[in-house]
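To start, the structure itself, in structure tokens.
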Amino acid sequence: MRFVDIIIRKRDGATLTDEEIAYAIQAYLRDEAADYQMAALLMAIFFQGMTPAETAALTREMISSGEVYDLSSLNIPFPVDKHSTGGVGDKVSLPLAPLAAACGVAVPMVSGRGLGHTGGTLDKLESIPGFNVRLTREQYFRQLEKIGVVMAGQSDTFVPADKRLYALRDVTGTVESIPLICASIMSKKIASGARALVMDVKTGSGAFMKTLDDSRALAQGLIGVGKEMQRPVHAFITDMNQPLGRKIGNSLEVLESLECLRGEGPSDLREIT
């Protein structure tokens, strides 16, 4: 099997096999394929798309590139996670995670940092003095068992394929590819141990997906990968034509999240949470 043949097949609109996708990812991670070859494949995917089965195969290969958190041995309720595609003032994860845990599910949440104009959950949490998001596997498991919720950052051994692919997508104009977005999101969420997922897909001028059609396509893509991976996924499309809530900025958004947990604060944040 040759990497160039996989590029050509996808360029011409073919459906790649699981074996071809596995070969491409593994060859790239072993540095047997150059950045320019993977960039060409990413661009072919950008223009030709991927089937749900292809996207699921890519997701599985990305998961297997690193550490996977198996929560089955822990004394916890059913583990569920939530992900947002991001927006201005989007702080829903902060009040939602403890609320969901209080309602009887475990919430293993591996979160990200700010991307573009959107704020990251980790950045918000680190505005709290002394808050540690760099947890070891043992700390992650212990906290989940103790209080039912954990919010942590991605370690170096956690889905390393996603880190390399995203860095390449960022400089090759392929960030907006829906199959690549789906594989990136789902690989991290499944590797974190979640058995079911809730997706908050933002739409509008302050979101990555500006149109309702694009937002629906992303939501359907995430649900499709979930079906292929035996993970129930529920997707909500929410408005990001204006900031969520009234406070923007890491520490201010933490304060507004606390207001929400007290049943106060802006109604739009309470409604989405």
Log entry, pairs with first residue in the stretch 238-256 being part of a strand (DSSP E or B), second being basic (Lys, Arg) and buried (at least 23 other Cβ atoms within 10 Å of the Cβ), beta carbons closer than 8 Å, six or more apart or on different chains, reads 238/202; 239/202
Across (1) touching a residue at least 12 places away in the same chain (Cβ under 8 Å); (2) in a helix (DSSP H, G or I); (3) out of contact with any strand residue (DSSP E or B) (no Cβ under 6 Å at 6 or more places or on another chain), residue 271 clears everything bar (1)
Over the stretch 1-23, the set of residues surrounded by 14 or more Cβ atoms within 10 Å (Cβ to Cβ) and under 12 Å from residue 58 (Cα atoms) is 16, 17, 18, 20, 21, 22, 23
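On the given criteria, is residue 21 in contact (Cβ under 8 Å) with a residue 60 or more places away in the chain, under 22 Å from residue 185 (Cα atoms), in contact with a Leu (Cβ under 8 Å, 6 or more places away or on another chain) and part of a helix (DSSP H, G or I)?
no
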Within the stretch 230-253, the count of residues that are surrounded by fewer than 18 Cβ atoms within 10 Å (Cβ to Cβ), modelled with pLDDT of 95 or more and aliphatic (A, V, I, L, M) comes to 1
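Of the residues 198, 225, 149, only one is among the β-branched types (Val, Ile, Thr) and over 15 Å from the mean Cα position of the chain (by Cα); which?
Checking each option against the conditions leaves just 149.
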Among 227, 189, the single one that is of a type in the set (D, E, K, R), surrounded by 23 or more Cβ atoms within 10 Å (Cβ to Cβ) and outside any loop (DSSP other than H, G, I, E, B) is 189
Residue count, the stretch 52-76, condition surrounded by fewer than 18 Cβ atoms within 10 Å (Cβ to Cβ), more than 19 Å from the chain's Cα centre (by Cα) and of a type outside the set (Gly, Ala, Ser), comes to 2
Yes/no for residue 200 being of a type in the set (Asp, Glu) and surrounded by fewer than 19 Cβ atoms within 10 Å (Cβ to Cβ): no
Of the listed residues (108, 77, 129), the one being more than 22 Å from residue 204 (Cβ to Cβ), part of a loop (DSSP other than H, G, I, E, B) and touching a residue at least 12 places away in the same chain (Cβ under 8 Å) is 77
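Hey, among 264, 256, which residue is at negative phi and either outside the structural domain of residue 201 (by TED's automatic domain parsing) or surrounded by 14 or more Cβ atoms within 10 Å (Cβ to Cβ) (or both)?
Result: 256 is the single residue among 264, 256 that is at negative phi and either outside the structural domain of residue 201 (by TED's automatic domain parsing) or surrounded by 14 or more Cβ atoms within 10 Å (Cβ to Cβ) (or both).
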Scanning the stretch 129-176 residue by residue, the ones that are surrounded by fewer than 20 Cβ atoms within 10 Å (Cβ to Cβ) and either in contact with a Lys or Arg (Cβ under 7 Å, 6 or more places away or on another chain) or polar (S, T, N, Q) (or both) total 9
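The values are calculated or read from the model by the stated rules, or taken from the named source; none is laboratory data. Every value quoted in this text rests on a predicted model; they were computed, and no experiment measured them. Neighbour counts are summed over all protein chains in view; Cβ atoms, including those assigned to glycine, are modelled from backbone coordinates with ideal geometry.
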